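The values are calculated or read from the model by the stated rules, or taken from the named source; none is laboratory data. If you're wondering where the values come from, they're calculated on a predicted model, not measured in any experiment. Ideal geometry is used to build each Cβ from the backbone, glycine not excepted, and the neighbour counts take in all protein chains shown.
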Amino acid sequence: DNMFRPATADLSRSRFAGRGFSLLVLPYDRLSPGRYQGRLRFDPEVGRTSDVAVVMDFSRRIGLVYGSAYLGSVKKLMFTVLNWLLPEVGVLPLHCGASEGPQGDVALFLGLSGTGKTSLSSDPTRRLIGDDEHGWMETGIFNMEGGCYAKLIDLAREKEPDIWWAVMHPAPPEEHGAIVENAMIYPDGRFDFSDRRLTENSRASYPLWFVKNAKVEGVGGHPRALLFLTADANGVLPPIAVLTPEQAMLWFLMGYTSKVAGTETGVVAPVSTFSRFFGAPFMPRLPRVYAGLLGQYLGRYGARVYLVNTGWSGGPYGMGNRIDIRLTRAMVRAAISGVLDKVELREDRRFHLLVPCSCPGVPARVLWPRDTWRDKRAYDRRAAALAQEFARQFEAAFSGQGIPPEVAAQCPGR
């Protein structure tokens, strides 16, 4: 019940009536590595073929999780299935958080891990519709999940009181409602959420109604604003930009963010990461399907799209500073409220972006990233290098994929 929404009383009304999907989970069985050598991926951590498989058969509508007790394997298998099936009936699946304001205004937050999706979609003045998986259709948006699947590493009551309460509130086990996995627990029942010896990917699953101010019915109208989040460690993207529909389709395709030094072994400088639709492994259809649906719905329902950079300013990672989240929140509020629709825009021709010249509560020089660098030539070199990365990635991933030329023309470096 935490992971998936309960079935409706009358399943005959579903667009998938009679086309159910069966899921089998065998978490403690293991495959024979020798038997599947060359057919399953090689696991460098153990030096042999993996003994775990996550399998989907769309023709027979069967899914199998074999050898994994990780709840995320179940979640992502089923959402990959939904991401395949939903476009058939005109629904655009989105890996995003969603919230609703007092006037019913819906905002969607799309972004990869580390870009601030959870932090920015959590706003005490807005109701949380959902934090991870949604669909957009002709009647509006809906949450695919019945709860939240929160990261627990370094969880502290002082920093995340709502998540802490959802996971740790006192209740009998059969009534508690939260599931904790991959976290260190001692014989006396105490958790240590800072212990990384097992994994940093400790998680908790809990019902949506555990979240204060949640909209438990999980539906909303058509979004007023979509915010594409990136954490640019190069320090060259603006903290916020207005996107045309064609630009929105391009940045949706690219799904760009950065990995920074220290996050992974061997990473000593910012590394660009491109994950189309902000969830590439779980979006199995051809790129033009999802991008086309996005363009269609933007045109039909008039949603505005913004690129929000939560990364670095004044220089790259290690030299510049992380953009103050208070400034980011001010820009997000201005975007959702429509304030940025009324300000003058300046074109960044290298990245094909429209950058606001002013925003309430934000110093004007912060909005144009080149102005925050002492060494303007260093900025130009860094920006040109990132733009060329975009161009190479687009050519490698989307050449010959039927992407409309007016969308392709918006790629940086082209």
Problem - From the options Gly97, Gly72, residue that is in a helix (DSSP H, G or I), at pLDDT below 95 and closer than 23 Å to Ala178 by Cβ - result: Gly72
Practice task
Give the residue, chosen from Glu174, Glu133, that is free of Cβ contacts under 8 Å to residues at least 24 places away in the same chain and either within 19 Å of Ala107 (Cβ to Cβ) or out of contact with any strand residue (DSSP E or B) (no Cβ under 9 Å at 6 or more places or on another chain) (or both).
Solution key: Glu174
Exercise for the section: Return a yes/no flag: does the range 375-382 have any residue that is within 27 Å of Arg304 (Cα to Cα), surrounded by 14 or more Cβ atoms within 10 Å (Cβ to Cβ), in contact with a helix residue (DSSP H, G or I) (Cβ under 8 Å, 6 or more places away or on another chain) and not small (Gly, Ala, Ser). Expected result: no
Exercise for the section: Take the range 1-24 and flag every residue that is of a type in the set (A, V, I, L, M, F, W, C), out of contact with any Phe, Trp or Tyr (no Cβ under 8 Å at 6 or more places or on another chain) and in contact (Cβ under 8 Å) with a residue 12 or more places away in the chain. Expected result: Phe4, Phe16, Phe21, Leu23, Leu24
Handout entry: Criterion violated by Met331 - all others in (1) more than 15 Å from Asn309 (Cβ to Cβ); (2) touching a Cys at 6+ places or on another chain (Cβ under 6 Å) satisfied
Key = (1)
Fill in the blank from the handout: Given (1) surrounded by 16 or more Cβ atoms within 10 Å (Cβ to Cβ); (2) without any contact (Cβ under 8 Å) to a residue 12 or more places away in the chain, Arg300 misses just (1)
Practice task
State all residues of the range 1-30 that are aliphatic (A, V, I, L, M) and either farther than 17 Å from Tyr149 by Cβ or exposed (fewer than 13 other Cβ atoms within 10 Å of the Cβ) (or both); if no residue qualifies, say none.
Solution key: Ala7, Ala9, Leu11, Ala17, Leu24, Leu26
Completion exercise
Of the residues in the range 298-316, those that are at negative phi and outside any strand (DSSP E or B) come to Leu298, Gly299, Arg300, Tyr301, Ala303, Thr310, Gly311, Pro316
Practice task
Mind listing whichever residues of the range 36-47 are surrounded by 13 or more Cβ atoms within 10 Å (Cβ to Cβ) and in contact (Cβ under 8 Å) with a residue 12 or more places away in the chain?
Solution key: Tyr36, Leu40
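Residues checked against (1) buried (at least 19 other Cβ atoms within 10 Å of the Cβ); (2) in a helix (DSSP H, G or I); (3) in contact with a Cys (Cβ under 9 Å, 6 or more places away or on another chain); (4) among the small types (Gly, Ala, Ser):
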residue: Leu237; (1), (2), (3), (4): yes, no, no, no
residue: Ala241; (1), (2), (3), (4): yes, no, no, yes
residue: Met249; (1), (2), (3), (4): yes, yes, no, no
residue: Thr257; (1), (2), (3), (4): yes, no, no, no
residue: Tyr290; (1), (2), (3), (4): yes, yes, no, no
residue: Leu293; (1), (2), (3), (4): yes, yes, no, no
residue: Gln296; (1), (2), (3), (4): no, yes, no, no
residue: Gly318; (1), (2), (3), (4): no, no, no, yes
residue: Arg326; (1), (2), (3), (4): no, yes, no, no
Handout entry: Which numbered condition Cys359 fails, given (1) more than 24 Å from Leu253 (Cα to Cα); (2) out of contact with any helix residue (DSSP H, G or I) (no Cβ under 8 Å at 6 or more places or on another chain); (3) surrounded by 13 or more Cβ atoms within 10 Å (Cβ to Cβ)
Key = (2)
Practice task
Tell me which residues, restricted to the range 55-85, are buried (at least 17 other Cβ atoms within 10 Å of the Cβ), closer than 26 Å to Arg288 by Cα and touching a Lys or Arg at 6+ places or on another chain (Cβ under 9 Å).
Solution key: Val81, Asn83, Trp84, Leu85
Exercise for the section: Determine whether Pro87 is in contact with a Gly (Cβ under 6 Å, 6 or more places away or on another chain) and at pLDDT 95 or above. Expected result: no
